[in-house]
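Colleague: Before we start, here is the structure in question, set down as structure tokens.
Bear in mind these aren't lab numbers, they're just calculated from the coordinates by the rules spelled out. These numbers were taken from a predicted model, which means no experiment stands behind them. Please note: Cβ atoms are built from the backbone with ideal geometry, for glycine as well, and neighbour counts cover all protein chains shown.
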Amino acid sequence: MHYFLTGATGFIGKFLTERLLNRGGHVHVLVRPGSELKFTALKNRFPLQADRLHAVTGDLSMVGLGLTPEVVEKLAGSIDHFFHLAAIYDIDAPEADQIRANVDGTRHALQAAKALKAGCFNYTSSIAVAGLYSGTFREDMFEEAEKLVNPYLRTKHEAEKVVRNESQVPYRIYRPGMVVGHSKTGEIDKIDGPYFFFRLIKKLRNSLPRWMPIIGVEGGRLNIVPVDYVASAMDALAHKPGLDGQCFHLTDPKPYKVGEVMNVFARAAAAPQFSMRIDSRMLGFIPSAITGGIGKLPPVQRIKRQFLNDFHIPESALGFINYPTKFDSRETQKALQGTGISCPRLTEYSGVVWDYWLRNLDPDLFVDRTLAGNVKDKVILITGASSGIGKATALRLADTDATVLLVARTRDKLEETLREVEAKGGRAFIHTCDVSSMEDCDHLVKEVLEQHGRVDVLVNNAGRSIRRGVAAAYDRFHDYERTMQLNYFGALRLIMGFLPTMTTNHRGLIINISSIGVLTNAPRFSAYVASKSALDAFSRCAATEFSDQNIRFTTINMPLVRTPMIAPTKMYDYAPAIQPEEAADMICDAMIRRPKRIATRLGIFAQVLYDIAPKTTEIIMNTGFKMFPDSDAAKGKSAENAPAPAPSTEQVAFQYIMRGIHW
């Protein structure tokens, strides 16, 4: 048999072409001038059958597809089936483009089918022809479509109307649902339908434990079908006799609601489940004039746009959350009886669909996520760079083209860091400063701006930690003063010093090294946690003021790190802690992604648990407080050369369960 296809190099077209070739037929493919490479790729996809794939030059925008008289004469009378798949499936495409491709293109394809004397015109329509019909839409329904509210819905409806009214050869119409990847491989070449929400699911997976219940939406039913089912059904229905003039819904007979679809893919991604799903129809009693008016307010619009941009969700996709149409596919199921072809359940193939997206189409794959690419030619200032986390971060940056400004009190130690950075080929400069001194901070800002012109990334890493219970600090008010002076006021002074230049340059990143203790409300660290919490609160407020100026604030709620700062507490010799190099990785991640916050899952869980059950959290933390005593240093005793006390089995178990938390 001989077949003629438009859109053969497209998503559905590739799989349909495979099935037609498997029938032993010759497939003639419309190839637009300039798209020869796509046809070559199609041939390479089927190397053993490539001799039965034939390119036919033409264009969807031309009358009769622009087929030359020679081609028409050669193929006329030999084409058993003409398949028209080419169209624009982008709901956000300009209306004029959609009319040219979907409506005019279909009319031109019909003209070509007539000229070629095709045996049957097989038209790939869409469930979009129903518009936003409320209720069940049968396969014999067409004019009943409702609310064709956007160009995509209107042009798909108009194109099918053209086939019904103007076709001069027998025709069959296929209306696929939302087409996703292959049910066995997950293969797909576009982002559409449920894929728009995959990035949100991935973020939830990376941020929260899998077992944590979260709130989602219920919504209408999304009719999702895998591409291999669509291609197989079209192939079988096209070749079955006696079906001319009929329309077939290639849909899932039992579609899932939006909330159920989200949970299906959340399970496939090992992400938290949307356990509590809110049906937006619950708000139906509120007059649309009120909800519509609120939604059009500039602040609301901006917030919505930011959320959608963060997760790469087109605004038009929100219109389908409450999709009101159910599609009756009983005639299709009846016609497919005996073929072994049926629509698989989404739960059966969601895993491979998710996996293929994650490995091939995740937008994050196409963003420069290298440290070198994101800090190239930037000036990065790191406080506390003479040891620990600051030094490890400077050494990571030595492998890039960034200019690193090393800041600490002790010049000798800074020079040691400088030598190690330069030995790795990095570019660095030393600036001494006691960050707890406001005068020193002002001098540092002046010196840096004079010598380097700007700071693109400020890493507020220098800090002081005091592990002492409140009862042991009644006569040590200075603990709170000096901790606040360095951890909050010093960091704040630097931020205020460098912000004007960042504002002028319309770019900047401020990374504040905070603590997991802020999230867990760690006992014995009231002075330290209070100072870090103050900086966190300032950053959250400031971020809202500079959000539109490309200046970002990132807070890193760092878990316990094995640095000289924790050395006086000998108990920590046995505690699970990350190395400075791992902490440096978190800081470098902040330079790459520029998120609002970086924290461990345990830290985030602790914060959420406190919001939900504060008394339970308090009891857990009090248990740790009672289990781990004050150190000798906290009691005012010398801890030098004192052996670390061996922890009890209970202490070891508790520390590993609460890994990374300060006790």
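Colleague: List the aspartates and glutamates whose Cα lies under 12 Å from the Cα of residue 156, skipping any in the same chain that are fewer than 8 positions away.
Modeller: Partners within reach: 90, 95, 104.
Colleague: Give the distance, in whole Å, between the Cα centre of region 219-269 and the Cα centre of region 2-68.
Modeller: After rounding, the separation between the Cα centres reads 24 Å.
Colleague: Which of the aspartates and glutamates could a cross-linker span from residue 413 if the Cα-Cα distance has to be under 15 Å and same-chain partners fewer than 8 positions apart are dropped?
Modeller: 422, 434
Colleague: Taking the simple approach of a point 7 Å from Cα along Cα-to-Cβ for both residue 504 and residue 585, what is their distance in nm?
Modeller: With each label placed 7 Å out from Cα toward Cβ, I get 3.9 nm.
Colleague: Still on this structure, I have one more. Give, in nm to one decimal, the length gained when the segment between residue 545 and residue 416 is fully stretched (0.36 nm per residue of separation minus the Cα-Cα distance).
Modeller: On the way: separation 129, 0.36 × 129 = 46.44 nm, distance 3.88 nm.
Using 0.36 nm per residue and subtracting the Cα-Cα distance, I get 42.6 nm.
Colleague: Which links in 147/334; 117/161; 190/376 stretch past 23 Å when you go from one Cα to the other? Intermediate values should be presented prior to the final figure.
Modeller: Values: 147/334 30 Å; 117/161 21 Å; 190/376 32 Å.
Where the Cα-Cα span goes over 23 Å, the pairs concerned are 147/334; 190/376.
Colleague: Report the label-to-label distance for residue 496 and residue 611 in nanometres (one decimal), using points 7 Å from each Cα along the Cα→Cβ vector.
Modeller: 3.0 nm
Colleague: Taking a point 7 angstrom from the Cα of residue 592 along the C-beta vector, which residues in region 203-234 have backbone N less than 17 Å away?
Modeller: The answer is 203, 206-207, whose backbone nitrogens lie closer than 17 Å to the label point.
Colleague: Please label the shape of region 69-154 as rounded, prolate or oblate, based on the square roots a ≥ b ≥ c of the eigenvalues of the alpha-carbon gyration tensor (a/c under 1.5 means rounded; beyond that, a/b larger than b/c means prolate, else oblate).
Modeller: It comes out oblate by the Cα gyration axes.
Colleague: Moving to a separate point now. Sequence neighbours fewer than 8 away in the same chain don't count; with that in mind, list the aspartates and glutamates whose C-alpha is under 20 Å from residue 257.
Modeller: 192, 218, 279, 315, 328, 348
Colleague: How do 29, 435, 379 line up, fewest other C-beta atoms within 10 Å first?
Modeller: So the residues, fewest neighbours to most, are 379, 29, 435.
Colleague: If you average the alpha carbon positions of region 136-174 and of region 415-482, how far apart do those two centres end up, in angstrom?
Modeller: 68 Å
Colleague: Return 239, 478 ranked ascending by Cβ neighbour count within 10 Å, so the fewest neighbours appear first.
Modeller: Numbers: 239 16, 478 11.
Going from least to most buried by this count: 478, 239.
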